[in-house]
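> Encoded as structure tokens, here's the structure I'll be asking about.
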Amino acid sequence: MRRNLVVGNWKMHGNISSNQMLLEQLIESLKDCKNADYVVCVPNPYLHQTRSLLQKTNIAWGGQNVNQFEEGAFTGAVSPHMLTDLGCSYVLLGHSERRVLFHETNLSAAARFDAAIKAGLTPILCVGETLAEHDAGLTEVIVASQMDAVMATLSDEGFARAMQLNMVFAYEPVWAVGTGKTATPEQAQEVHQFIRQRIARRNTEAASKVRIIYGGSVKAQNATQLFNMPDVDGGLVGGASLNAEEFSAICRIANSHTSSNCLS
Ligand code: PGA
């Protein structure tokens, strides 16, 4: 049985007082939700505040990216150790906004992935095709190339470590991120199943255990149908994660759908 996972990606939003209100509301409304896992990935300057508010709750927190190096002259960069120092257990990697706006590549995602697992962070690797790639029927080719770049650099030991840390894949079609367009549950299921099969080429047991979450305009209104799909194990939520009511509604849906997701 895979537990559902809902990850909020705040992107570059928030301030000290709005964060406090949002987190306090989430703590209150999720305190009895024990059947799924909940994470918020907040901007780095607010990790300290997030840790103070969320420690001893059932909500974990993480970074939105991490550098591949441990320390050094890398102005503006944040190391894996800095994230763990601030109590992060998760980190997003290869988000489409990082790929498109900051020119991050599959290779750099692989290096960050490796650095994250060495530091004990659970990596959430984002993969997904653009609209042009989607329309050209290239979804599987693109998703496979994004996954393979990371998987190929992982030694057997690295793969085992990533599994121990419960590595997560997030399928985020770029055309659905922040656009209000969502993949249909069937479209999401097809790609999630493809991702799982791809992992199975490396290790079938791992494939049945790994959580694959969907991202791209997830809302309370579409979460039920998405989370009902057998290979969709929760969501990566951007815009809707900034609204406590909306985000906790999505989390509660994940909480009540965990039991329907059985090992395939
Ligand atoms: P969205 O963002 O929910 O606003 O589409 C998802 C994401 O970028 O992770």
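Coordinate-derived values only; no laboratory data. Here the structure is a predicted model, which is why all the values come from computation and not from measurement. In this analysis, Cβ positions are derived from the backbone assuming ideal geometry, glycine residues included, and neighbour counts consider all displayed protein chains.
> Highest mean first, how do 225-237, 47-59, 187-199 rank when packing is the count of other Cβ atoms within 10 Å averaged over residues?
On the way: 225-237: 24.1, 47-59: 15.9, 187-199: 19.7.
My ranking of the peptides, most packed first, is 225-237, 187-199, 47-59.
> Right, something else. At a Cα cut-off below 24 Å, give the lysines reachable from residue 118, other chains included and same-chain residues fewer than 8 away excluded.
Hits, sequence-local ones excluded: 209.
> Still on this structure, I have one more. Could you please rank 82, 167, placing first whichever residue has the fewest other Cβ atoms within 10 Å of its Cβ?
82, 167
> Quick check on the chain: helices-only [θ] at 222 nm, where DSSP H runs of length 4 and up contribute -39,500 (n - 2.57) each and the sum goes over total residues. Nearest 500, please. Numbers along the way, then the final one.
On the way: 12 runs with 121 residues, N = 264.
Computed ellipticity for the chain at 222 nm equals -13500 deg cm²/dmol.
> Let me ask you something else. Listing 114, 148, 32 from the residue with the fewest other Cβ atoms within 10 Å to the one with the most, what is the order?
Fewest-to-most Cβ neighbours within 10 Å comes out as 32, 148, 114.
> Provide the descending list of Cα extents for segment 19-135 along its principal axes, expressed in whole angstroms.
Projected onto its principal axes, the Cα set of segment 19-135 covers 42, 40, 23 Å.
> Local charge sum around residue 54 (other residues, Cβ-Cβ under 12 Å, Lys/Arg +1, Asp/Glu -1)?
+2
> If Lys and Arg each add +1 and Asp and Glu each add -1, what is the summed charge of the other residues whose beta carbon sits under 15 Å from the beta carbon of residue 16?
0
> How much length would be gained if the chain were fully extended between residue 16 and residue 181, taking 0.36 nm per residue of separation minus their Cα-Cα distance, in nm to one decimal?
Taking 0.36 nm per residue and subtracting the Cα distance, the gain is 56.4 nm.
> Then there is this: Taking residue 31 as the anchor, which aspartates and glutamates have their alpha carbon closer than 20 Å to its alpha carbon, excluding any fewer than eight residues away along the same chain?
Qualifying aspartates and glutamates at Cα under 20 Å: 245, 246.
> How much net charge surrounds residue 81 when only the other residues with a Cβ under 9 Å from the Cβ of residue 81 are counted, with Lys and Arg +1 and Asp and Glu -1?
Its environment carries a net charge of -3.
> Find how many whole Å separate the alpha carbon centroid of segment 196-230 from the alpha carbon centroid of segment 1-32.
When both Cα centres are located, 21 Å separates them.
> Sticking with the crude label model, points 7 Å out along Cα→Cβ, report the distance from residue 100 to residue 28 in nm, one decimal please.
For residue 100 paired with residue 28, the spin-label model returns 3.6 nm.
> What lysines sit close enough to residue 181 to cross-link, taking a C-alpha to C-alpha distance under 20 Å and skipping anything fewer than 8 places away on the same chain?
By straight Cα distance, residue 181 reaches 11, 219.
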